[in-house]
Every structure is written in C-alpha cells, then in structure tokens.
Amino acid sequence: MLLRIPPVLLLIAALPTLRAIEPAVAYAPFVPAAAIPTAQAETLETYVAAHRALELGFPAIAAELYARLLDSPKPAGADANALVIDLVSALLDDGRTADAAQALQRYFGLPSAAYHLRAGLIAARKKKPEVARAELASVKPDDLDAGDRGWFYFLQGQVADAAGDFTRARDAYQQASAAAVSDLQRARFVLAREQARLNLGEVTEAQLASLKQSAERYQGRSIGYSYARQYAVALAALGRNAEAVDYLQRQLDGLPVAERAAADDFRLITGLIDGAQNEKGRAAMEELLTSGRDPDLQRVALQLLARSSTDAALRGGFLGILDKLINGTPPHPILEDLLLIRAQLALADKNYAQAEVSAKELLAKFPGSPLKPAALGVQAGSAWEQHRYRTAADYAAQAKASLPAGDLRASLGVLVAEAYFRAQDFRSADDAYAAALNEIPSGVQPGVLMSQRVQSEIEDGRLEDAEKLLDVLEREGRFDEISRWQSEWLLSRALQIANRTADAFARVNTLTAAAGNAGASLPSDLRVRLAWLQAQLSLEAGSPEKTLELARKLTASLDGLDPALRKEVEASTRLLEAKADFRLERAEEALALLKALRSDFPQADAAVYSYIDEADYYAGKNRFVDAQALLIRLADEFKQNDYAPYALYRAALNAERRSEDKYYKEAYTILERIVKEYPRNDLVFYARLKQGDLLRRLNQFGPAQQVYEFLINTYAQHSSVLTAKMALAACHRAQVGPSDVSHFESAITIYEQLQELPSAPVDMRVEAAFQLGDLLVTRGKPEDIVRAREVWWTLVTTFLLDDAQAAQLGVQGRYWTARTLLRLGDLRAQQGKLEEARNAYELILRKNLPFAKLARESFVRAGGNP
C-alpha cells in the first residue's frame, strides 16, 4: 500500500555502551507506509459485517454497507456484480422494491442465475407475473448458491399464486422452507410470503363484504379464521389499516385458548399491518415473540422488532424483553436466536462486554448451532473494533472454519491475516496470507496478498526469507506489476535500513534494468519513488558520480507528475545532488545547491534537512560552533517540523564535542528543550539518556543516577532501556567508596542481570561480563578474583569459542572480548599461571580480535615464542 507518511524514518543505531545510544534520523521522502494496509482490512471487515447484518435480519443496515462498498473505488471482498446482487437482496428484504430494481441496473455483463432470480422476485413484487415467470424459466437451481435455492422455490410459489394454482404454490413454499439454509432464512420466507399477501392489489367493496360474511358464517372454525384473516388483509389493501387492526384485535379477544396457531397468525398480520414501530403492531409482535407457538413466526417477530428498535425508547424496551426471555425458565424455544440478536444489537451500540457475553452464551449452550459462524463473527467484530486484533484473528479463524467455501469464508481468511498484521504478529500474518492465497475473495487481487505477505516477513525482520519469497512470487503469473514493484520498494528500503545498502542497490538496479519500457506503465508516484531510491542507494553504496547521473535522469522525467509530488521530488533530488558533491569533496558546489534549495523550496522537508547536512559538513571540519548554530537555527525557524527535535539533539552533540564543562552544561540545556517542547517525541528518551552521560562527564554521578533510574522506571518496555541499565551500573561503579558497599552491590547486580539476559544484545552481554569481572578484581578479595576468573572464562567459552555465538559478535562485542582476554591473561600471569596467560593472549591472535599487537607483546613477556 502506497500511503503517505511524514518523511522521517528513525534508525536507532546502538553505539558503545557507557555512552548514550545516538538516534540517527535519515532523510527519507515519499516513503510508503510499511505498516498496515488499512483500506483492504476495513473494506473486508465491512463486507463481513454487511453479510452478518443481512443474515441476522437487519436489511437496512446491510443495504447501507453494501452500497458503501459498491461505491468505493475498488470493491474488495466481492466484485462489483456480486455486491450488486447482495445489495438487491438487502433492499428486497427491507421491502424497498423500487430501490432494488434500480440497484439491479448496476449489474454489468451477461446476467447470471442470481441476477435472473432477483429480477423475478422484483417482478413478482411489482405484480408482473409474466415477467416473473420468464425470469424464473432462465434459472436452473443447480446454478444457484445454496442460500439462493430456497428463494428459487419461493419465486415458483409466487408465480403459481399469481396464476391461481394454489396447490402448486403450497408445494413450492414447502420446498422453499425445506431448502432454507438456516432457521433465520426460513423465517424470512414466512415474512416475505405474508408481505406478499398484504400486497393484494385492488379490492372491491363487494369482495370485502363477501369475505366478512364468510368469516362470520364460519366463526370458530379453521376456515372462519382464514376468512377473518383475508378480510383484515383486504381492509388494509383499501387503506383502512386502523379498522383492520381493530378487527383483528376483536378476533384475538374472542379466540379460544386452544387456538394458538390462529392467535399467532392474527398477531403476525396485526404487526405487519400496523407496523412494529407502532403501539398495537408492536404489542402484537411482542406477544407473538413471548408466547407464540410457532418458532418460525417467533423468529419473524424477533426480526421485525429488532429492525424497528431504532430510537432509544423502543430500543430500551426491546432489550428489556430480550433479557427477560433469555433469562426465563424454561428456556425459550428460539433462545439461540434471541442471544444472537442481543449480541448483534450490543455490538451495534458498542456495548462490547454485553455483545461478547451473549455470543459466548450462545456458543456454550448451542455448540453445534448453525448460528455459530454469526456468533463468532460478533466476537471477531467486537475484538476488531476494540483493536484487540490477535483475539479478532482467533475468532475470525474459527468463524471461517465453520463456513462452507465462498466469498464470506475467503474474506474471513484475509481478515485473519490483516488482524495478525495489526497485532504485529508478523509470522502468523505471513502464514495467514499464504493460506488466503489459496482461497481468494472475488475482487481482491492476488498480488495485493502476495505483497502483504512479503511485507509481513520484512516487518518480522526476516529479510533473507522476504528476498527468497519475493523471487518465488515474481515467477508466478498472479503477481501484478504494481504490487510487485511496491514489494520491491519495501524490501529495498528494509535492506537499506539494515545496512545492506549494496544488496538493496543491486536489487533495485536489477529491477529497473529488467523492467525496461514496462516501467513507464507504472503509476508515476511509484516509478519516481523507485528512481529516487536507486539514486539514494548509489550514494550510500559509494558511487556519488552515479548518484548525480541518476539524479539528472530523474529530474528530466517528472512531466505529468502531480504538482505537489513534483516539488517534493525536485527538492529531494537537489538535496541528494548536494550530498553527492560533498562526497566528491566539491563543498563549494554542494553549499551553493543547498542555498538554492532553501530559496526555491523554503518549506520543503528537503530544504529543512539541508541544514543538517550543512551542519554535518561543518562538524567534519571541526567547526562545531558553526554546526551548532545552524542546527539551532533549524529548530527555531521550523519548530513544527519533524526534524526540529533531532536538530536540537545534534546541536547538543556538537556542543559536547567542544569538550569543556561549560559546553557540557550548554549541551544539557539544549537537550532540555526537546523534553519540554516535544514531550511526546521519541527523542525524549535519548535526550534524557544523553543528559545522564553529560552529568557523568561533569562528575555529577548522583543526578546522573536519578536520570537513569527515571528512564528505567518510565520506559520499561523501550527498546533501548537496557542501555540505560548499563549506564546506571557504570554510574554506581563510579560512586563506589571504601565505606559504601551499596553502589558496589548495585553495580554487580545489574552487570549480572545483563550478562545472563537472553534478550539482551550479544555485544551488551559481553561488555556486562567484562565489567562484572573487572569490578570484582578491582575490589581484590580472593573470592572475588576467583569469581571474576569464572565469569570471564564463561564469557570466552560462550561467546568466542562457540562458532554460532561468535558469528553474532559485532565490533563492540569483539572489542570487549579482547579486553576480557587481556585482563584474564594479565591476571593469570600475576598469579604465576603463565601457560594459561599465554593461552589467553594467543586466543586474541587466533581469532583476529582487536589489540593484536598488545596481545603479542604480552604473549612474549609470558614466555611465549615470538
């Protein structure tokens, strides 16, 4: 995903401990976000939510979500035609026939079986039986998804009803009920049939009178109840709703208690005629839900009450009824439906605790329920909205496993990957994206998933794996050019950050050379990013002449670029050219370029960063005063710029390099500006750490100790907090006195912890072991010397003689290992163990460690053969 982020990339590089880690801010313009592909995730989550809303009987919500997806630039989770079909389904379910017909016109291409089915349902609703029959004839049930087959038989029933073939209609409706994929869908068939019956068309007064007469003649008998029902429907067809509702109420009042089926029927019709949002209609639906005999009709009442509970008063009353029925004894016949609706409503109200309680109760009481995927979906949605992405991934995976193959299942698979990515569990995200590539939702490009899989490995720090994966994926035909180049950009940037500039440069060169003219078809912003990165990498790879060549080529290829981006590219390229001139020792030309850059693009980030580059040049010439002044100027003139706090940090470093107490104090004061003016900036930690170092330089070990302890307590999870601990140990050591053993014990404790800490960097563990032994030897007690020897020899065997560990030693690790061997050799020589001393010195020579000359001299002094 090529999203813009501020052009600052913090590269924290660990320098020798006992001094602050110095953060380096590299100028990195137009960097795509290497974090979270939110657009993809949000679109898929919306698709899943829309499907769940339609399934649970909230068609208005579903229609709104489907319409939003359909109007997005690139629908994901389903292609445009699939979304049209879903939208039409939601609109029909919501009784919006005209809107459904209009939405169906957005279908593009040859009509599918799903298209013909919905066209037939719309025609039946519009009283166009011939059109409905023709559309029905174009559909083969085997061409429909399982969820659509019931509606095929339902449409057959409607066509038969319109033709007066009531026996055939009854059989078709029974087939629809049998083909329902869930109880909720069966309830929707019941509701749709009753709504169709209400839409009788024209009714004459003579027909009305005849129906009333028949109802009275057969009163108290089943056929009489049927006529009474038809009479009420006829009244509604004539617009006499209030009269129809009153008539049905009288019928209910006179019904024998045993006629529960008729009572359910009358209450359903009352609710449909008066509306579940009105008093009498709502009361009828509530009574049907509470004490009805037919579970399918109760589900209809449940859905209609849920749909109509939009304002606070109705919502509160309905939730109260739900809670009462859920907690009632004996269990309600449709308890699992009640729990699911309760969970969905709570999720919509952002009452996450209640949503999760209801969903968990459903799953616990009905482990084999067909509503299980929906309940898991509620839990996944709740976790997602609360940013508990690892939990969301778990629930989405469970929901996916309980669904048949299809777009919903495939979309959940991608959501699992996206959730793991957001949880920063990149290894799991990698596995989930790999699985999603085997079951891709329609409308989602395989290349997007491939790119995000590569990105997962990059974020996990497995750059070699990412390189291999990208090479494999590039050989697949599914990896589109844009996604591939985006992945190459991300990988090259990651290699650059990991100080593998040569690898990054080679990869970009190979990519651009192989692309040839194909690169012209790429989006201009991506093409420019890659070209700029290539030029920057050439500089870092030590080829400034190539940098200038690539920069000129890039500047000449900016026609047609977005004006704002073009300015940024021109400014950034000019800064790159100045850097190349500095490398070529053409300082005059470089300084002239920087001056022109600030004049032509005064507000560009490149112009701001140019002050840092110029200050670096002055510092390299030992002109620390000029460098410091320029950096302070940047911080004062561009206070809101991301580079301002970094400029202050660098200004403090230049003051420190002047190596006098008054300049150490000046550096401390400059760093205090970062803390006070940018309290939430990442550099605050490093500013405080550097202040501790400066206090130690000023021999103010007590205040320095307080600084380090503050950092350790306040930033316990910070990536560099171990450096503060190492500095604290050094601070304690500096305060050790003849009569005060507390600082000695504190230093010993910290060094012991660090040398044994598996998560600490290897170089730091080696240094801690050296310092621990050195401090013990300094005290001079026999038992301390024995222990020091053990600590040092353990260091050597663990980190030097073990090839795997030795391979992890960096420059500092090798330095401290050599120091350890020299001290160990000297110690054993003092104790008369010359052979052991020679062995220690010889290890320095055999392992090509630092201090080889000193080791050779010590080896000879210990009786070794020169």
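Before moving on, here are some points about what is shown:
- Test result for A113, under 39 Å from the mean Cα position of the chain (by Cα) and surrounded by 15 or more Cβ atoms within 10 Å (Cβ to Cβ): yes
- Long-range neighbours under 8 Å by Cβ, at least six apart or interchain, first residue touching a residue at least 24 places away in the same chain (Cβ under 8 Å) within the stretch 596-625, second surrounded by fewer than 20 Cβ atoms within 10 Å (Cβ to Cβ) and of a type in the set (A, V, I, L, M, F, W, C): V608/F638; Y617/A587; Y617/L591
- Filter pass, K400 being surrounded by fewer than 22 Cβ atoms within 10 Å (Cβ to Cβ), in a helix (DSSP H, G or I) and either touching an Asp or Glu at 6+ places or on another chain (Cβ under 9 Å) or of a type outside the set (S, T, N, Q) (or both): no
- Applying the set (1) crowded, with 17+ Cβ neighbours inside 10 Å; (2) within 22 Å of the chain's Cα centre (by Cα); (3) not in a helix (DSSP H, G or I) to H387 leaves exactly one unmet item: (1).
- Residues of the stretch 669-687 that are more than 32 Å from the chain's Cα centre (by Cα) and buried (at least 22 other Cβ atoms within 10 Å of the Cβ): I670, L671.
- Meets criteria (modelled with pLDDT under 90 and open to solvent by less than 40 Å² (accessible area, probe 1.4 Å)) for L526: yes
- Members of the stretch 264-280 that are under 45 Å from the mean Cα position of the chain (by Cα) and not hydrophobic (A, V, I, L, M, F, W, C): G271, G275, Q277, N278
- Close Cβ contacts (under 7 Å, 6 or more residues apart or on different chains) running from residues in the stretch 548-565 that are closer than 13 Å to A531 by Cβ and assigned to a helix (DSSP H, G or I) to residues that are of a type in the set (D, E) and at pLDDT 85 or above comprise A551/E577; T555/E570.
- Residues satisfying the stated conditions in the stretch 625-662, i.e. more than 14 Å from E614 (Cα to Cα) and among the charged types (D, E, K, R): D636, E637, K639, D642, E656, R657, R658, E660, D661, K662
- The one condition in (1) open to solvent by 30 Å² or more (accessible area, probe 1.4 Å); (2) in a loop (DSSP other than H, G, I, E, B); (3) without any contact (Cβ under 8 Å) to a residue 60 or more places away in the chain that A313 fails to fulfil: (2)
- Evaluated against (1) open to solvent by less than 40 Å² (accessible area, probe 1.4 Å); (2) farther than 27 Å from Y218 by Cβ; (3) in contact (Cβ under 8 Å) with a residue 40 or more places away in the chain, L322 falls short on exactly one condition, (3).
- Pairs, first within 15 Å of A466 (Cβ to Cβ) and in a loop (DSSP other than H, G, I, E, B) in the stretch 492-513, second open to solvent by 60 Å² or more (accessible area, probe 1.4 Å) and not basic (K, R), C-beta under 6 Å, six or more apart: none
- Residue in the stretch 329-339 that is open to solvent by 40 Å² or more (accessible area, probe 1.4 Å) and assigned to a helix (DSSP H, G or I) present: no
- Filtered residue count, the stretch 476-487, keeping only those that are more than 24 Å from L70 (Cα to Cα) and assigned to a loop (DSSP other than H, G, I, E, B): 4
- Put simply, of R260, R267, R299 the only residue that is charged (D, E, K, R) and surrounded by fewer than 22 Cβ atoms within 10 Å (Cβ to Cβ) is R260.
- Here V416 fulfils each of the conditions (1) free of Cβ contacts under 8 Å to residues at least 40 places away in the same chain; (2) surrounded by fewer than 21 Cβ atoms within 10 Å (Cβ to Cβ) apart from (2).
- Positions within the stretch 598-611 being out of contact with any Leu (no Cβ under 6 Å at 6 or more places or on another chain) and either buried (at least 22 other Cβ atoms within 10 Å of the Cβ) or not in a helix (DSSP H, G or I) (or both), in sequence order: F601, P602, Q603, A604, D605, V608, Y609
- Qualifying residue in the stretch 755-768 (condition: at pLDDT below 90 and among the basic types (K, R)): no
- Hey, E585 at pLDDT 90 or above and either farther than 28 Å from I482 by Cα or surrounded by 22 or more Cβ atoms within 10 Å (Cβ to Cβ) (or both) or not: yes
- Filter result for A103 (assigned to a helix (DSSP H, G or I) and farther than 17 Å from A82 by Cα): no
- When the stretch 729-754 is limited to residues that are among the β-branched types (V, I, T) and closer than 15 Å to V791 by Cβ, the one that is surrounded by the fewest Cβ atoms within 10 Å (Cβ to Cβ) turns out to be T749.
- Check on L289, open to solvent by less than 10 Å² (accessible area, probe 1.4 Å) and under 18 Å from D94 (Cα atoms): no
- Checked against the criterion of being hydroxyl-bearing (S, T, Y) and open to solvent by less than 30 Å² (accessible area, probe 1.4 Å), the candidates T573, T555 yield just one match: T573.
- Test: A353 is among the hydrophobic types (A, V, I, L, M, F, W, C), assigned to a helix (DSSP H, G or I) and open to solvent by 40 Å² or more (accessible area, probe 1.4 Å): yes
- Within the stretch 688-714, the only residue that satisfies the criterion of being part of a loop (DSSP other than H, G, I, E, B) and open to solvent by less than 60 Å² (accessible area, probe 1.4 Å) is L698.
The values are calculated or read from the model by the stated rules, or taken from the named source; none is laboratory data. Small disclaimer: the values here were computed from a predicted structure and weren't measured. With ideal geometry, Cβ positions are generated from the backbone for all residues, glycine too; neighbour counts draw on all protein chains shown. Surface accessibility is based on the protein's heavy atoms, side chains included, excluding ligands, DNA and RNA. Shrake-Rupley method; radii C 1.70, N 1.55, O 1.52, S 1.80 Å.
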